[in-house]
Amino acid sequence: MFTSSLLLLASFGAGLVQSATLEELYLQNAPSSPRPYVIPHYANSHAVTIGDQLYRFTVTGPSSDNAFTLMSTNAPSSGALGVLPHIHQRHSENFFNLKGRFQLWAQKGAEEQQARLLTQGDYGSVPRNTTHTFQILDPDTEMVGVVVPGGFEELFYALGTNHTSATNTPFVPAVSNSSSAPDPSMISSLQRFDVYAQLDFEPRRDLVNGTAPVDKSKWHTGDNALGASGKPYFVASGYGPKYLSSKYGYQVIQPLVTKQSQDANYTIATISLSRQTKDNAPTYVLPGAAAFEVLEGVLMIQIGDYPVATLYTGDVAFIPVGVAFTYYTEVAFTKVLYVNSGSSGVDSQLIKGAKSWNFATFPTY
């Protein structure tokens, strides 16, 4: 991580943005080509509405060189499915609950259908060729989605209505009485966006304690392992594998996607940080694109020659390939969602030098 060649690359990457200002780092829309940027929570970043759902795209195909799409879905509760049951042949999809509640269903081939009620901090993995759908259950719900490879936002641009808001309200507080699912006449046309409708899929409703099947699953009652071989899996908040790194302050890394758990070349994790100074924080230069989204607390991040940015809940920072960055927190506890293209990201590097840990937070001394 700290070899002379990487530091040289870091200096070169930083030199591309000499005399950069904090105002230039902050954007309202993901850019049309890769560059460092920060987008505040609820910014109108390529926002579209489909029925009652408001979609924002903080990392897009163009902004990440097609590494991944990072998006949010804000919506009120609904008595109907949020989308038609469908599969993707080329895209892997990941669901993370930022707030509220939503139901997620997933089924791979002839295997038994899985269903989970996701609350804040819960995660669901939907690999390629997995039938899935969801339903929003709480009046103020936000789903964070990671789709690999990038560019999947084109589907929503085609189906949705462009949205802007002077107040940056999470979603439009009105009863639209319109479905978020496409008209049946459009279903076949969605295949060009890698969406293949599975209209014979019947979401199961026999959940007990938010899970089905109940005989195989521990949902908020026991440890959740990451999946393997491209099968869907779910990780309840704090119940997945955990690692404690003490090399640069305390950090608790909770992987959600690893090289072994998915059939795609990317990783996702949450990272919880203890208070630290900038002088003690390491500098990273990565071979893959990366993004941070703040879940709790306050994240400080310096990217290239840009000044240090201060990120709050829901804010997103994107770092392109080969650009140096440093992150830390000046408050007692900060937690972020971290996404990385490839398998050599911050999460993977921290885990290599960490120890297995049984707690969702760090030690007292």
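Per-structure values
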read-out	value
Sequence-distant residues sharing a close amide H with Thr60 (under 5 Å, placed H)	Leu70
Descending principal axes extents, the stretch 242-357, alpha-carbon based, whole Å	36, 30, 24
Mean Cβ count within 10 Å, highest first, over the residues of peptides 227-239, 278-290	227-239, 278-290
Whole-number accessible area per residue in Å² for the chain, which is evaluated in the context of all protein chains at 1.4 Å	42
Amide hydrogen neighbours beyond the local backbone of Tyr26, cut-off 5 Å, H modeled	Val38
Quotient of Cα Rg and 2.2 N^0.38 Å for the chain, N being how many residues it contains	0.96
Links that overshoot a 26 Å alpha carbon limit, given the list Lys218/Lys355; Lys216/Lys335; Lys99/Lys242	Lys216/Lys335
Set of aspartates and glutamates with alpha-carbon distance to Lys108 below 17 Å, sequence-local pairs under 8 removed	Glu93, Asp194, Asp200, Glu202, Asp263
Protection proxy ranking, peptides 114-122, 80-88, 348-356, average beta carbon neighbours within 10 Å, highest first	114-122, 80-88, 348-356
Folded to 0 to 90 degrees: helix 4-15 orientation relative to the chain principal axis, Cα	80
The stretch 242-357, accessible surface, carbon-and-sulfur percent (1.4 angstrom probe)	47
Between the stretch 71-101 and the stretch 335-363, the Cα center-to-center distance that results, in Å	25
In Hz, Karplus ³J(HN,Hα) per residue of the stretch 327-338 (6.51, -1.76, 1.60; θ = phi - 60°; x = Gly, Pro)	9, 5, 9, 9, 10, 5, 8, 9, 10, 10, 9, 10
Exposure ranking of Thr258, Thr364 by accessible area [1.4 Å probe, largest first]	Thr364, Thr258
For the stretch 69-81, Karplus couplings with θ = phi - 60° (6.51, -1.76, 1.60), whole Hz, Gly/Pro x	10, 10, 9, 10, 10, 10, 6, x, 5, 8, x, 10, 4
Cut-off under 5 Å, modelled amide H: who pairs with Lys99 long-range	Glu142
Candidates Phe193, Phe102, Phe292: whichever shows maximal mean-square fluctuation once the chain is modelled as a Gaussian network with Cα springs under 10 Å	Phe193
Phi-based couplings in Hz for the stretch 230-245 (Karplus 6.51, -1.76, 1.60; Gly and Pro marked x)	x, 9, x, 8, 9, 10, 6, 4, x, 9, x, x, 9, 9, 10, 10
Most to least accessible of Phe68, Phe333, Phe171, Phe359 (protein chains only, probe 1.4 Å)	Phe359, Phe333, Phe171, Phe68
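The values are calculated or read from the model by the stated rules, or taken from the named source; none is laboratory data. Model, not experiment: these values are computed from the prediction. Glycine gets a Cβ as well: all are built from the backbone with ideal geometry, and neighbour counts include every protein chain shown. Note: areas computed on protein heavy atoms with side chains; ligands, DNA, RNA excluded. Shrake-Rupley method; radii C 1.70, N 1.55, O 1.52, S 1.80 Å.
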